[in-house]
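A.B. asks: Starting off with a structure, shown below.
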Amino acid sequence: MNDKANYTDYALLSYHHIPNVHKLDVFEKAGGYEMMKACFEKEPDAIKEEVKNSGLRGRGGAGFPTGVKWGFFSKDRAAKKYLICNADESEPGTFKDRYLVEQNPHILIEGIIISAWALGIQKGYIYIRGEFYQQAIILENALKEAYAKNYLGKNILGKNFDFDLYVHRGAGAYICGEETGLISSLEGKKGQPKLKPPFPAIKGYRGLPTMVNNVESLAAVPWIMRHGADAYKKWGSEKSPGTKLFSISGDVNKPGVIEVPLGTTLKDIIEIHCGGMRDGNKLKAVIPGGSSSPVFNAEDSYLVKMDYEDVAAKGSMLGSGAIIVVDETRNMGDILKYTLEFYHHESCGQCTPCREGTGWLESIFKRREKGLAKKTDIDLLDKTASSMRGQTICALADAAAMPAQGMIKVFREELEQYIMTSVKK
Amino acid sequence: MSEKVKFSWNGKEIEAEKGTNLLAAALDNGIEVAHYCYHRGLSVAGVCRMCMVEQDGVPRPFPSCNATVAEGIVVKSDTPKVQTAVQATLQFHLLNHPLDCPVCDQAGECGLQDYYMKYGVYDSQMIDKKAHKSKVQDIGCDVMLDAERCILCARCTRFTAEVTKTNELGILNRGDHAEITVNEKLKNDYAQNLVDICPVGALTSKDFRFKQRVWFLSDVYTTCIGCEVGCSVKISENKNGAFRVKPVMDLAVNGHWMCDDGRKIYKHISAPGRITEILNEEQIVEKIKGKKSKFILSTALTNQEYSSFFDSLKGSKSDVALYMLPNIGPEFDGILKRGNKNPNLAGAVKAFADYKVDSTNDGLNKLLEGLTKNDVVYLVIPEIIYDEDHFRTLISKIQKAGVKIALTPSATIISLHEFDHLLPVPTFLEKNGEMTNYQGSLRTLRAGKSYGDTSKDISYYAKWVQV
Amino acid sequence: MGASMILKKDLYREHGYLKGLYLGLKITMITMLKNIFNIDKRMTLNYPEEKYFYSDRFKGKHILTVKEDGTLRCTSCMLCSTYCPAQCIHIIAADDSDKSVEKAPVSFEIEMLRCVFCGFCEEACPVDAIRLSGEYEMSGHAEQEWVADHYELAFRKTLNGGKGIVSTVDDSNRLKLRL
């Protein structure tokens, strides 16, 4: 990644420069699992307090503070509860969790064990995306090593604490990245989100309290415990502290995963970390938080600071931190077309506005293929998208509607031109 | 008494029991709320997104079916935000709907049609290709499935999962290709309820299919005579006859459902060949003069009929016995159906006891054994006969009698070879009265239209005895 | 009383007998003379040898239209019989063996003597299956059966020689959307 950076500047990627760090002995030599052992000596509430103080926000997309979420969780340590690590990273443009798991699965496992200790959970699952076959194998091997060392299993390190961790491969549905959809899928049902309330923290997997956290959130826990909440807070802004993994794709010279403090400007990310625009082309637009976030035009992109508040203030969302950079050679119509196709394909079909709406958005936008397009179709698209928002159980309808509405807001003329270009076969 | 809470819906003060579903509370108080997926007898799915409401202090609209009432909440469903949301959602519901109302049996009582009149976007903007799914599927148990008309409210899948626990139905595929599919065929005794709970025309009854348009029918709210449960039902009929039976919610007796056997109780009412008039009345009266009358009653008569019958018989030396239908299947199947098929057994036994007549099988056997050439037997044919062989044994036993008269509410299996005369009595849909079910509660029968001479019930024939 | 039958004495006194006759029959006589000398433009017809053609809007005997394959277009939705003010349309529907048709009439009868030829059935029909034709000759005997069944309504000799009137209204539009 960024060669110039000092690896002590990283939280999540602090071990990534070590070769073969995915092996447990290498990881331990570098200081891994130390914090786990240290945390077993601490009171669980102290760990929870520390995470809360660090201000770590859920890295899955919504950005809800992890410590606060843990605070809602059942405090009865004897009761049966579940911890689920959400590694079903399916948002187009996102590949940070894959990179993290692939390079260093043990930092995640350590984070999960610490969290399970803090929350008093006996059983955990890593729900990994079905397409991540290699990564699932890496995780399985890592789990085997951890079990061999009795970091997992019965009576861990003689601390009278049992914790079992399993890897569960999904079957390739985007919607299983949504926590209740993930739980349905894990239960063996069709991956469809469940009605909230009740929230999973009260009634989740098999009707028992379940904590669902993103890979990146859990992997940040060991670092926070080692260096303390204050050290973590030094990075980032007041409301968005810490570092974040960004997966950068698109028309830049060096796409990939980087770890930077929240609040780094998008300009810095593109120019310094990614080596500038490819072929020196002009920047046209940036999708800042995965395919479901509204797009920024070139001016906004250079101004925005990548933290939860500033991106939201500029009308988009940080999401999972998938930055898609678009240069002037691309047509925004094509991008929207592929986005709408994706959401149409991935709608679970439960709630009507999403089931029918995602399909219709796509057909409206593709009317040019039958020579039926009118200029007013853009208004219809906008209206349809707005009537889908906030109407469904999960946020997939919003995820399909937001990029459409955002794109119309910023690139209306280009889209009008695009749909009026008949490509009737 | 459980605790009551007060809340306001669109400014109307509503009182409901604590913990009641918000949507149910509103519906109970006569407020019209558009909804498809919510059904009182099933779990909450919250997928149709039609029952959206706004509540003071809650940032965005939410479905009222997934909320419970609470003291003092202020709920509104008539705000512009909710109205436009419902309008848009209905538009989405209709987007891939085939709009084949002309050939759809549900037309006239369809949720889509009803709400379209209220929330419809009348200018269609849909010029795109619709999603196509399989139509005209016979999924067993006389249920027809049209996946294209389906709005995927999942009431039917929840019904098979939660009520019958047979899980034959499921939703296959995702997004707008999702469709209801059946695992092999339906195999349960309550499948016709699927037709009732389907808010659109996706599930229709094969029995009722294309027989009538629903707007030609009127409903009679009465009681099922299929077994001793006495479910509340409504029977749809017009001048051409009765056409279907549907359950009516009655939490004390049948809840929301009824069994498939009960769906067939209407068939004899307007069947061709039903005995509707008395031929040669004077001849018959002449023939039975001086003979001893013996009556075998069925258990499908009303309490009023029993007592007026015994009253008319007073003073004569006639014998009376009761024919009880044999039990079919298990005593109770866990949902509704009971093995005892005598609809008014309790009422009959009580009436017989009141008039000091033996209502047991011993009484019947005694009557049958004592039959001679000098006897007239009046056999009241049960309206619904499940076990024909059992009934035929009874018929063969009365052949000893001199004159055999059948009092029949239907065109039954019997013929003039076995009986000398067939005389009409009203069916359960042609008389008012009460029956007593197995719980001991009174179930009301209400008369609809008449399909024959229904003025003469069994007490009319009882009066012949004294001539 | 009864002295004189003449009602307009003053006219009689003025014009005399013949002129009165002429004045009374003036229009009749002019028309008669016109007809004698200008035969083509006379107003009466030699019915039934000659027949009058009404405008297309005339509402006469019903037609059931057929599809291109010669089967009835009617889907037996019964909107016509619902709408009919005379309640003279009786339809019995059944499953069609063609699953794309689904529902079709097995019997379609119109009681011609009850029909008031209002044309509401034509208006109610969603698929252009019933039309009122220009046929107006429906005379017959009292004992005649006055119920027209669908063979008569769709395939009588006057309709395309017994093959029926083909209608494809809206079909192309509908099929386009089903593509």
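A.B. asks: If you take the residues in the range A:371-383 that are part of a helix (DSSP H, G or I) and more than 8 Å from chain B (Cβ to nearest Cβ), which one is surrounded by the most Cβ atoms within 10 Å (Cβ to Cβ)?
C.D. replies: Applying the filter and picking the extreme gives A:Leu381.
A.B. asks: Moving on to the next point. Look at the range B:36-52 and say how many of its residues are more than 11 Å from chain A (Cβ to nearest Cβ) and surrounded by fewer than 24 Cβ atoms within 10 Å (Cβ to Cβ).
C.D. replies: Counting residues in the range B:36-52 that are more than 11 Å from chain A (Cβ to nearest Cβ) and surrounded by fewer than 24 Cβ atoms within 10 Å (Cβ to Cβ) gives 4.
A.B. asks: Please determine, by comparing only the residues of the range B:130-139 that are in a loop (DSSP other than H, G, I, E, B) and surrounded by fewer than 14 Cβ atoms within 10 Å (Cβ to Cβ), which one is nearest to the other protein chains (Cβ to nearest Cβ).
C.D. replies: Step by step, filter the range B:130-139, then rank; the result is B:His132.
A.B. asks: Quick test for you: out of A:Glu362, A:Glu413, pick the one residue that is more than 10 Å from chain B (Cβ to nearest Cβ) and assigned to a helix (DSSP H, G or I).
C.D. replies: Going through A:Glu362, A:Glu413 in turn, just one is more than 10 Å from chain B (Cβ to nearest Cβ) and assigned to a helix (DSSP H, G or I): A:Glu413.
A.B. asks: Return yes or no: is A:Leu336 in a loop (DSSP other than H, G, I, E, B), within 30 Å of A:His273 (Cβ to Cβ) and touching a helix residue (DSSP H, G or I) at 6+ places or on another chain (Cβ under 6 Å)?
C.D. replies: no
A.B. asks: Residue by residue through the range B:79-101, note down the ones that are in a loop (DSSP other than H, G, I, E, B) and either at the interface with chain A (Cβ under 9 Å from one of its Cβ atoms) or in contact with a helix residue (DSSP H, G or I) (Cβ under 6 Å, 6 or more places away or on another chain) (or both).
C.D. replies: B:Asn96
A.B. asks: Something else: Of A:Gly357, A:Gly349, which residue is within 14 Å of another protein chain (Cβ to nearest Cβ) and on the phi > 0 side of the Ramachandran plot?
C.D. replies: Sole residue among the options that is within 14 Å of another protein chain (Cβ to nearest Cβ) and on the phi > 0 side of the Ramachandran plot: A:Gly349.
A.B. asks: In the list B:Glu286, B:Glu237, which residue meets the criterion of being of a type outside the set (Phe, Trp, Tyr) and assigned to a strand (DSSP E or B)?
C.D. replies: B:Glu237
A.B. asks: I want to confirm something. Restricting to the range A:155-198 and keeping residues that are within 22 Å of the chain's Cα centre (by Cα) and among the β-branched types (Val, Ile, Thr), which single residue is nearest to the other protein chains (Cβ to nearest Cβ)?
C.D. replies: A:Ile175
A.B. asks: Among the listed residues B:Ser396, B:Ser316, which satisfies the condition of being in a helix (DSSP H, G or I) and closer than 21 Å to B:His421 by Cβ?
C.D. replies: B:Ser396
A.B. asks: Pairs under 8 Å by beta carbon, first residue part of a loop (DSSP other than H, G, I, E, B) and surrounded by fewer than 17 Cβ atoms within 10 Å (Cβ to Cβ) in the range B:439-467, partner of a type in the set (D, E, K, R) and modelled with pLDDT under 90, six or more apart or different chains?
C.D. replies: Hits for this filter: B:Asp453/B:Glu277; B:Val467/B:Lys289.
A.B. asks: Checking the conditions here, which among B:Asp311, B:Asp219, B:Asp261 is surrounded by fewer than 17 Cβ atoms within 10 Å (Cβ to Cβ), within 30 Å of B:Asn365 (Cβ to Cβ) and among the acidic types (Asp, Glu)?
C.D. replies: Unique residue meeting the criteria: B:Asp311.
A.B. asks: Give me the strands (runs of 3 or more DSSP E) completely within the range B:169-220, filtered to those with at least 2 residues that are more than 14 Å from chain A (Cβ to nearest Cβ), ordered by residue number.
C.D. replies: B:203-205
A.B. asks: Name the residues in the range A:14-43 that are part of a helix (DSSP H, G or I) and either hydrophobic (A, V, I, L, M, F, W, C) or surrounded by 18 or more Cβ atoms within 10 Å (Cβ to Cβ) (or both), would you?
C.D. replies: A:Leu24, A:Val26, A:Phe27, A:Met35, A:Met36, A:Ala38, A:Cys39, A:Phe40
A.B. asks: Related question: Quick one: in the range B:53-78, which of the residues that are in a loop (DSSP other than H, G, I, E, B) and more than 14 Å from chain A (Cβ to nearest Cβ) is surrounded by the fewest Cβ atoms within 10 Å (Cβ to Cβ)?
C.D. replies: Among them, the one singled out is B:Gly57.
A.B. asks: Could you name every one of the strands (runs of 3 or more DSSP E) located completely within the range C:60-179 that has at least 2 residues being within 14 Å of chain B (Cβ to nearest Cβ) and touching a residue at least 60 places away in the same chain (Cβ under 8 Å)?
C.D. replies: Qualifying strands (runs of 3 or more DSSP E): none found.
A.B. asks: Go through A:Tyr151, A:Tyr125 for me and flag whichever is among the aromatic types (Phe, Trp, Tyr), at pLDDT 95 or above and surrounded by 20 or more Cβ atoms within 10 Å (Cβ to Cβ).
C.D. replies: Exactly one of A:Tyr151, A:Tyr125 is among the aromatic types (Phe, Trp, Tyr), at pLDDT 95 or above and surrounded by 20 or more Cβ atoms within 10 Å (Cβ to Cβ), namely A:Tyr125.
A.B. asks: When you go through A:Lys159, A:Lys123, A:Lys144 one by one, which is the residue that is of a type in the set (D, E, K, R), over 18 Å from A:Ala11 (Cβ atoms) and without any contact (Cβ under 8 Å) to a residue 12 or more places away in the chain?
C.D. replies: A:Lys144
The values are calculated or read from the model by the stated rules, or taken from the named source; none is laboratory data. Bear in mind the structure is a predicted one, so any value in this text is a computation, not a measurement. All Cβ positions, even for glycine, are placed from backbone atoms using ideal geometry, and neighbour counts span all protein chains on display.
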